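Here is the structure we will look at.
The values are calculated or read from the model by the stated rules, or taken from the named source; none is laboratory data. From a predicted model like this one, the values you see are computed outputs, not experimental measurements. Virtual Cβ from ideal backbone geometry, glycine too; neighbours counted across all protein chains shown. Surface areas here come from the heavy atoms of the whole protein model, side chains and all, with no ligands, DNA or RNA. Shrake-Rupley method; radii C 1.70, N 1.55, O 1.52, S 1.80 Å.
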Amino acid sequence: MADHVQSLAQLENLCKQLYETTDTTTRLQAEKALVEFTNSPDCLNKCQLLLERGSSSYSQLLAATCLTKLVSRTNNPLPLEQRIDIRNYVLNYLATRPKLATFVTQALIQLYARITKLGWFDCQKDDYVFRNAITDVTRFLQDSVEYCIIGVTILSQLTNEINQADTTHPLTKHRKIASSFRDSSLFDIFTLSCNLLKQASGKNLNLNDESQHGLLMQLLKLTHNCLNFDFIGTSTDESSDDLCTVQIPTSWRSAFLDSSTLQLFFDLYHSIPPSFSPLVLSCLVQIASVRRSLFNNAERAKFLSHLVDGVKRILENPQSLSDPNNYHEFCRLLARLKSNYQLGELVKVENYPEVIRLIANFTVTSLQHWEFAPNSVHYLLSLWQRLAASVPYVKATEPHMLETYTPEVTKAYITSRLESVHIILSRDGLEDPLEDTGLVQQQLDQLSTIGRCEYEKTCALLVQLFDQSAQSFQELLQSATASPMDIAVQEGRLTWLVYIIGAVIGGRVSFASTDEQDAMDGELVCRVLQLMNLTDSRLAQAGNEKLELAMLSFFEQFRKIYIGDQVQKSSKLYRRLSEVLGLNDETMVLSVFIGKIITNLKYWGRCEPITSKTLQLLNDLSIGSVRKLVKLSAVQFMLNNHTSEHFSFLGINNQSNLTDMRCRTTFYTALGRLLMVDLGEDEDQYEQFMLPLTAAFEAVAQMFSTNTFNEQEAKRTLVGLVRDLRGIAFAFNAKTSFMMLFEWIYPSYMPILQRAIELWYHDPACTTPVLKLMAELVHNRSQRLQFDVSSPNGILLFRETSKMITMYGNRILTLGEVPKDQVYALKLKGISICFSMLKAALSGSYVNFGVFRLYGDDALDNALQTFIKLLLSIPHSDLLDYPKLSQSYYSLLEVLTQDHMNFIASLEPHVIMYILSSISEGLTALDTMVCTGCCSCLDHIVTYLFKQLSRSTKKRTTPLNQESDRFLHIMQQHPEMIQQMLSTVLNIIIFEDCRNQWSMSRPLLGLILLNEKYFSDLRNSIVNSQPPEKQQAMHLCFENLMEGIERNLLTKNRDRFTQNLSAFRREVNDSMKNSTYGVNSNDMMS
């Protein structure tokens, strides 16, 4: 223990400094000293003293949080007796000190919840000592309101704690505890909570009493936590609102069949202050989302009827909905009416006509008040979207009346958005909804379905509003006295209309469309194209960015629906375009698209959002309609003139920073596709196309050859160039075109790329594009890297790859300590691309890697040694924390263990252990790709080990090579690593929702054959942990698993084992479904 943390007084003083001081240095010093304290051996005793004698709340808080850390640690856990003592001490402490600060009470309850969760399966004299939470809190519940609040909070926090997985303990253990808690205690807690709520509401709540308020709040939180429990282990992401079904267990049926449960919450909503209502509504949202299969049809109809009655009552008395939180939760409740019930069921509810009228009025009013709670509108629109989408399928004879109300909702949305424009422009401080393109896009997706219901009315409204705005806009432009404000209003209105027209055209995909509707689409498209001609003609003087983005959104929808081979060219839309604009066929319409793209690139080159969306449109067109596009003169113009003179975004001086050049890759991918259509083997045409890029490379080479050059200019030129090249390399996926590119870049320009890495390794804005280009060049996409028999190009390409990886790797490791928040950008991203590059080269099948050692070439060795150096510089946690890094690392490791196992075997023991532990951690990763890759790596390693062991036991004249011998020796010295993985894989297969069972089965057989004794012990511990009546069945499952399996790893034997494993998993699951016991073996829990 450090000398300066001695007495309690010092500790209290440090707590004060940590929580109260405003001086950062003092606080950091206090934090450091307290971290030392928490890691000291006598921390436990000191915490108890702090709780007993500490005079300040902060020291009590420190004691509670330290104890929580102590009971949570996985290595060197506290003994059972000690944890029982702490639990009892905390309960007594809370019971004897009702006046603690709120945050201390909270921290102590958190400690109680953590001990209870982690000790859920701990037994003392055949008694599960941590499972009597309800008994523990009974004494609190029978006391005064203050104590009652503590008791309820304990249950609420415990439910929450058990529902949340933490990263320090295995997910398997969490799921077993959560399932056991669900089966043994959760329903009792829920029932208790509802009964207490009934009592509280029956007592004529004294709403002026603060403590009564607190109790009500905690009861509602507890009920919500019970209903929000992850009953079947499917919800890994709490932020998602799409999990619209609450998987209530069948044993809870009685609570939901009893209409008083539902009635209780609706009554509470009307009787308590608006500040509590959001929690009541949150509970109702969960109750409304109870899985359909909990009821039979009659029960479900009755339940729905009560639910709709409750909603109707709220709509008839909407006073509380003026509170934004109430309003938000109520919108969520309305959305659940359709997400969990069918339109056919809703229309049969007694008051349906009245309720749908009230909901429609509520929606229309909400849309008209667009500035109030804009984030809640999503739920209302999702309700109407689902209702509109169901219309064609509803079989009920009762009228659904949506043909009356849906057009009202469509009209309210459109008109309210148009009316918002003037208000936003004339008032300061109001947020413009158009600024949030994500939210606009989400609402338009919903409107696209709603607007297609009674489409004639939607179109008539849009045509009328568009004509009014377009006419006013044209008149204002021609008037000399028009105010900029009036022009801005009409531009804003037209922006909304263009977005909405794009959306409703895109909605055609969801509905069977008629000729009349296609003709209506034609009316709308003609108007937008006429507006585009008008605005484009003014771009030299002025343009409107939001209107241009709306145009691009419209073009994207128009392309999806009406451009491409699957569209009927006899469509009425084309007839209308021909009559009004003289566009007779698809080629002419495409020329309008390309004209718009060129105009945007010409005038909006400095506006990144417009440039990138325009290029994305070009890219999408180049995938689908490439042959028709190439015939257009505008496209030929682009292929012959792709320079900054014509396309300003290709210039190197107009970007504020280097990352703005990303869109160049998209541009050149599209150009590459277009060029390939007629390129064939015409090298002259290729050379002609590459002239601007050749000039750029020569310019960089010229700069590098002098000692003094403008570094910024060199960086910009090079980064722009490699981004362009990566686009072309991505598009050239045929052998002839790719070979032209390869011969153009190698050997002339490769040294320039290497030099750039050498000079600017510390600047990711430069290295990332260069490394990505190299990774693209070595990627054997569509077998394009097929070199002739007499060509050394494959080996030469790998040499360059090795040189770049080695150069970058050795230099990046000299960076020293990088701050945690910059480590990915400055270091790990580049390393991740190097891993991907090496993987692509090793698995591309265009290099014979045996040649390198044979001829004394160290290119392969250098690349692999650099990989190891880079790997050892990355902490284990980072490998799994950064998804791109983990995917590139594990896919590279898969290739190495498959084809270069001799290299892995030759590594130092600490490196081998690092790699094996990274595989072990990856087996339990949430990302299925990572998990599958780890299974494959493990399979290759285990197979290699098994083969070497088999060879070493046979009497052969040729001894094992040195590497294999050393590798065997290391593995025999550390058997626990492989055993741990055997335990993990078996654990996942038996107890978890195993999504990649086939992959898991492949290494398992080898693991079992290498560790037969350990497997037998593991099997016995699993069998013995079952209840006595289940042990025989479990033993039989294991017998059947190894039935007919021989001691070899031949494919036939493996396949049989995989089949046995499927049957084994089914049998074990059936056997355990009826068991409340968990597995108590330490191996299985670790």
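Take the chain, mark every one of the GluC sites (Glu not before Pro) that falls in a DSSP loop and has at most 14 other Cβ within 10 Å, then report the longest stretch left between them, sites excluded.
It runs 1-237.
Measure off, as a whole percent, the carbon and sulfur share of the 1.4 Å-probe accessible area of region 71-154, all protein chains present.
Whole-percent figure for carbon plus sulfur exposure: 50.
Quick one: Cα centre-to-centre distance for region 668-721 and region 434-459, in angstrom?
Cα centroid to Cα centroid, the span is 43 Å.
Nearest 20 debye, what's the magnitude of the dipole of the chain about its Cα centre given +1 on Lys and Arg Cβ and -1 on Asp and Glu Cβ?
So the dipole magnitude of the chain works out to roughly 1940 debye.
Between rounded, prolate and oblate, where does region 243-400 land on the alpha carbon gyration tensor, with a ≥ b ≥ c its root eigenvalues, rounded for a/c under 1.5, else prolate if a/b exceeds b/c?
Oblate.
Taking a ≥ b ≥ c as the square roots of the Cα gyration tensor eigenvalues, with a/c under 1.5 meaning rounded and otherwise prolate when a/b beats b/c, else oblate, which class fits region 679-874?
oblate
Let me know the shape class of region 783-883, please: from the alpha-carbon gyration tensor, a ≥ b ≥ c as square roots of the eigenvalues, rounded when a/c is under 1.5, otherwise prolate if a/b is greater than b/c, or oblate.
Prolate, since a/c reaches 1.5 and a/b exceeds b/c.
Which value, in Å² and to the nearest 10, is the accessible area of PHE181 when all protein chains are kept and the probe is 1.4 Å?
0
Given the C-alpha centroids of region 999-1051 and region 270-323, what is the distance between them in whole angstrom?
51
Excluding ligands, DNA and RNA, what is the solvent-accessible area per residue of the chain at a probe of 1.4 Å, expressed in Å²?
44
With just the Cα atoms defining each centre, how far is region 590-605 from region 92-167? Give it in Å.
Each part reduced to its Cα centre gives a spacing of 66 Å.
For ILE990, what accessible area in Å² do you get when you roll a 1.4 Å probe over the heavy atoms of the protein chains, rounding to the nearest 10?
Probe radius 1.4 Å; accessible area of ILE990 about 10 Å².
Would you kindly state how much longer the chain becomes between GLU408 and SER782 on full extension, computed as 0.36 nm times their sequence separation minus their alpha carbon distance, in nm to one decimal?
Here the segment from GLU408 to SER782 would lengthen by 129.4 nm.
What range in the chain is the longest one free of trypsin sites (Lys or Arg not before Pro) that are in a loop by DSSP and have at most 12 other Cβ atoms within 10 angstrom?
Counting at most 12 other Cβ atoms within 10 Å as exposed, the longest clean stretch of the chain is 570-953.
What dipole magnitude, in Debye to the nearest 20, does region 679-874 give about its Cα centre under +1 on Lys/Arg Cβ and -1 on Asp/Glu Cβ?
840
Take every Cα pair under 8 Å in region 34-93 that's 6+ residues apart, average their separations, divide by the length, and report that relative contact order as a whole percent.
The value is 23 percent.
At 0.36 nm per residue, minus the direct Cα-Cα distance, what do MET401 and SER184 gain on full extension? Give it in nm, one decimal, please.
Difference between extended and current length: 73.4 nm.
Can you tell me, using C-alpha contacts under 8 Å and at least 6 residues apart, the relative contact order of region 679-874 as a whole percent?
23
When the dipole is taken about the Cα centre of region 243-400, and only Lys, Arg (+1) and Asp, Glu (-1) are charged at their Cβ, what size is it in debye, to the nearest 20?
Dipole of region 243-400, to the nearest 20 debye: 540 debye.
Per 0.36 nm of contour for each residue apart, how much would the distance between GLU683 and GLU20 grow if the chain were fully extended, relative to their Cα-Cα spacing?
That works out to 231.3 nm of additional length.
Taking R0 as 56 Å, what FRET efficiency do you get between ASN88 and LYS457 from their Cβ-Cβ distance, rounded to the nearest 0.05?
Efficiency, rounded to the nearest 0.05: 0.20.
Please compute the net charge surrounding ASN1048, taking Lys and Arg as +1 and Asp and Glu as -1 over other residues with Cβ under 14 Å from its Cβ.
Result for the neighbourhood of ASN1048: +4.
Under 17 Å from a label point 7 Å along Cα→Cβ of LYS735: give me every residue in region 838-863 with its amide N that close.
Within reach of a label on LYS735, which here means backbone N under 17 Å from a point 7 Å along Cα→Cβ, region 838-863 contributes 844-848.
From the backbone phi of region 855-872, what are the Karplus-calculated ³J(HN,Hα) couplings (6.51 cos²θ - 1.76 cosθ + 1.60, θ = phi - 60°) in whole Hz, Gly and Pro given as x?
Calculated HN-Hα couplings, in order: 9, x, 8, 8, 4, 5, 4, 4, 5, 5, 5, 5, 4, 5, 4, 5, 4, 5 Hz.
Using a 1.4 Å probe on the protein heavy atoms, what percent of the accessible area of region 243-400 belongs to carbon and sulfur?
After summing per-atom areas, the C and S share lands at 51 percent.
If you roll a 1.4 angstrom probe over the protein chains with everything in place, what fraction of the accessible area of region 679-874 belongs to carbon and sulfur, to the nearest %?
Percent of accessible area from carbon and sulfur atoms in region 679-874: 50.
Under 16 Å from the Cα of LYS827, which lysines turn up, not counting those fewer than eight places away in the same chain?
LYS772, LYS869, LYS884
Work out the charge dipole of the chain with +1 on the Cβ of Lys and Arg and -1 on the Cβ of Asp and Glu about the Cα centre, then indicate which of PHE466, GLY794, ALA200 is farthest towards its positive end.
Among PHE466, GLY794, ALA200, the one farthest towards the positive end of the dipole of the chain is GLY794.
Hey, of (1) 33.2, 100; (2) 34.6, 103; (3) 35.3, 113, which did the structure itself give for Rg and Dmax of the Cα atoms in Å when calculated?
Comparing each candidate, only (2) matches the computed number.
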